[in-house]
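Any read-out appearing in this document is the output of simple, stated calculations on the displayed coordinates, not a laboratory observation. On a predicted model such as this, the values are computed, not experimentally measured, just so you know. Methodologically, a virtual Cβ is constructed for each residue, glycine included, from the backbone with ideal geometry; neighbour enumeration extends over all protein chains shown.
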Amino acid sequence: MQRILADLLRLLELERIEDNIFRGDSRNIGGDFVVGGQVLGQALTAASYTAGARTVHSLHAYFLLPGDVEAPIVYEVDIARDGQSYSTRRVVAIQHGRPIFNMAASFYTPEDGLDHAAPMPDVPAPEGLADVSELPDEIFAKVPEKMRRFLTHERPFDFRPVEPVQVVDPPRREPRRHVWLKTRGPIPDSADLHRNVLAYASDYMLLATATLPHGVHFAEGKVQLATLDHAMWFHRPFRVDEWLLYALESPSASAGRAFSLGRFFTRDGRLVASTVQEGVVRVRP
């Protein structure tokens, strides 16, 4: 697992090929295209490389085209503004000569101010919960080969759902779930790196939460999910190699799109980051 985690950290280390232009590798984790979290994490890395000592507090991104897992991605950073307290960066991800993603990110110099936060949901602790890949054999046998590859792919994260993940004959339930997560080992003491890794992980299960009220049968392979846009806010310091509770919900789905929200809490109940996402959700007959 240390090898898998080290590969993730290398993936988020970009090569500088020109002033404010960087290049990152791509990874295939069992799907047909680059996962959105990879592009999000690498784009945030590129923006952070140009922001000096300032800390990212928000990002807003749009996914334009699917990414090719067999090709590197070039990230061009536009230094839009450096003010007294805040800096703005715009990032375009390019593959095969075409933009596949763009993002705006805002960085700031930390200061004291008002402080309050929403409470953490009351859920069981991660100890004793199963990893998301630990499906019973009788269920695993019914899962299509493509989904089986995705579920068994070695991950740098330990994902432990509070509510059981049901990919075969799922019941209809509230569009809400909770997942404990952390990296499968320690990572260096770089606050930027921990934020970049969390951005990578924030794409996980977020859009799919919108399918819970509809009993969507993922094992039949008739579902199309595609992220359109993704935003994220970083509120307080955290470590992604320590347990974080990811609380997800989907307030709305209509017209072939779904909208989902996510909040990250530390074990002691501090709200450290929030995210929202809208995407295409299509269920073929």
Overall Cα dimensions of region 225-285 - principal axes, largest extent first, Å: 44, 19, 19
Can you find, among Gly41, Tyr86, Leu207, the residue sitting farthest towards the positive end of the charge dipole of the chain, where Lys and Arg contribute +1 and Asp and Glu -1 at Cβ? Leu207
Prolate/oblate/rounded call for region 208-247, Cα gyration tensor, a/c under 1.5 rounded: prolate
Summing Lys, Arg as +1 and Asp, Glu as -1, what charge do residues with Cβ under 12 Å from the Cβ of Ala105 carry, Ala105 excluded? +3
Taking each pair of distinct Cα atoms in region 10-51 once, what is the resulting Kirkwood hydrodynamic radius in Å? 10.9
Cut-off 19 Å, label point 7 angstrom out along Cα-to-Cβ of Arg257: give me the residues of region 103-133 whose amide nitrogen falls inside. 103-104
With no solvent and one equal point scatterer per Cα, compute the Debye intensity ratio I(q)/I(0) for region 153-285 at 0.11, 0.13, 0.14 Å⁻¹ and report its log10, rounded to two decimals. -0.40, -0.56, -0.64
Extending each Cα 7 Å along its Cβ direction at Ile21 and Trp233, get the distance between those two points in nm, one decimal. 3.6
Restricting to DSSP H runs of at least four residues, report the calculated mean residue ellipticity at 222 nm for the chain, -39500 (n - 2.57) per run over all residues, nearest 500 deg cm²/dmol. -4500 deg cm²/dmol
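What are the equivalent ellipsoid semi-axes of the chain, built from the alpha-carbon gyration tensor (square roots of five times its eigenvalues), in whole angstrom, biggest first? Provide the component values of the computation, followed by the final result.
Numbers: eigenvalues 175, 100, 68 Å².
Semi-axes, largest first: 30, 22, 19 Å.
As an exercise, take the mean of 1/r over every pair of distinct alpha carbons in region 175-237, invert it, and state the Kirkwood radius in angstroms. List each step's numbers first, then the result.
On the way: mean 1/r = 0.0697 Å⁻¹.
About 14.3 Å for region 175-237.
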